[in-house]
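What follows is a single structure, written as structure tokens, with notes after it.
The values are calculated or read from the model by the stated rules, or taken from the named source; none is laboratory data. Keep in mind the model is a prediction, meaning the values are calculated, not measured. Backbone-built Cβ (ideal geometry, glycine too); neighbour counts: all protein chains shown. Surface accessibility is based on the protein's heavy atoms, side chains included, excluding ligands, DNA and RNA. Shrake-Rupley method; radii C 1.70, N 1.55, O 1.52, S 1.80 Å.
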Amino acid sequence: MSTLQKTIMKNKLPPRCPKTSGVSKLAPFGAGRRKDYTPVSWKQYFERFVDVETDGGTFRVYLSPEPDHPQRPRFVTLHGGGYSGLSWALFTEEITNMVHCQVVSIDLRGHGETKANDSDDLSAETLVKDVEQVLHKLYGDSLPPIILVGHSMGGAIAVRTALLPTLEPFVQGIAVIDVVEGIPPNCTGAAWWSMLHSSGCEERQLPESTAMDALASMQSFLRGRPTHFKSIEHAIEWCVRSGQVRNVDSAKVSMPGQIVNCETGLLATNEVESYQPVEDLGEAGPRHDAPHHDSILEEEGAEGEGMQHHFAKPAVTGDRGMKYRWRIALAGTERHWAGWFRGLSAAFLAARAPRLLLLASVDGLDRELTVGQMQGKFQMQVLTRCGHAVHEDTPGEVARVIAAFVLRHHITTATDNGELMNIASGPPGC
């Protein structure tokens, strides 16, 4: 079996989460060692939400508390495909603790609680127009300083939004997280897409290509995802154990924003505050250690953990007892994928505002951006030990990098806590 075949097959299994302590991140489902996957309300991280009416529909916007001065910057956060504005929950808590600002987290069209007139139109042009209209509805023509922060698809939208004539004078900074137009020369096809959900392209020696060529493999990846879940906890557990998000605290607040109740059609966030934890541990996996016909046997860890635990996979297709499904069918958005990323590197380098690129792996930089970075056209930071959802896996580190970025450009000032943390010095940038 070739290396590529092994890689693709291995990526269908839930990858191990990185260890940050001596305790295994993938504890068995025994009564005394099972993790808590109970969902958490967005109210622990945001002060309120507003539903903004635009020509395109009604857009849900989550807001942190008002800043101490109206001219403090607003961090406008744009999530990736399939996620929601709640994926920025932990980041919001961290960044507002470090610098004076407000976070404005938008559920993009077709995602979360947003109800668009045409939820299927996820073209880059439409998404950019949506963001523009939401911001003008919120602030009128006198916008405060704006910092656009986008992850994956949201990063591509953030870059294009920054170039709009109506918003460009107000955009004081752009932070793009783990998205580039091209791909490293040793990754392509399925390996490139699976790279987005891991930390690099180890053992993948493949021909050079571009992100445009790799998009065709997204469908294969999506077909391997479950379509339904038994409970909200079940979905959160899959999210963590599959590696989509490696931070369980973030998954507990963000995953309910990505699934809906099959019976009511309502987003799972509406059930969180009254949610009763699942008593039966079998909801997420068998209690016993014996192999089960629908379980995955985890391979022994590289560090000798010797984990031989079992996890019952959620159904790949609908099944009896499955109560929740995805909010958006990403496979149906294929016609828009190329438009999200085509020309992204050139657009990023053309933006006038200060630019920051955050990556999960240094291998993720394409040639155009490599040249631009060597010429000092933008700041780059690589954060290790995280997957594609960098801001969810390591929200504190991401917030610290972005806080140092805005302080460096004198866009805002540090809070008292930020001063104590010496945020101004920041981590070393590339």
Please work out the ratio of the alpha-carbon Rg of segment 346-425 to 2.2 N^0.38 Å and round it to two decimals. 1.18
Give me the accessible area of THR415, 1.4 Å probe, in Å² rounded to the nearest 10. 20 Å²
Can you put THR166, THR58 in order of accessible area, largest first, using a 1.4 Å probe? THR166, THR58
Computed over segment 320-387, the relative contact order (Cα-Cα under 8 Å, seq sep at least six) in percent reads 32 percent
Could you work out, for segment 56-152, what percent of all Cα-Cα pairs fall into each 5 Å distance bin, beginning at 0 Å and stopping at the bin that holds the largest distance? 2, 14, 25, 26, 18, 11, 4, 1
So for each of 153-162, 227-236 I average, over its residues, the number of other beta carbons within 10 Å; can you give me the resulting order with the highest mean first? 153-162, 227-236
Calculate what fraction, in whole %, of the accessible area of segment 92-188 sits on carbon and sulfur atoms when a 1.4 Å probe is rolled over the protein chains. 47 percent
Under 11 Å from the Cβ of ILE328, count the other residues' Cβ atoms, weight Lys and Arg +1, Asp and Glu -1, and hand me the total. +1
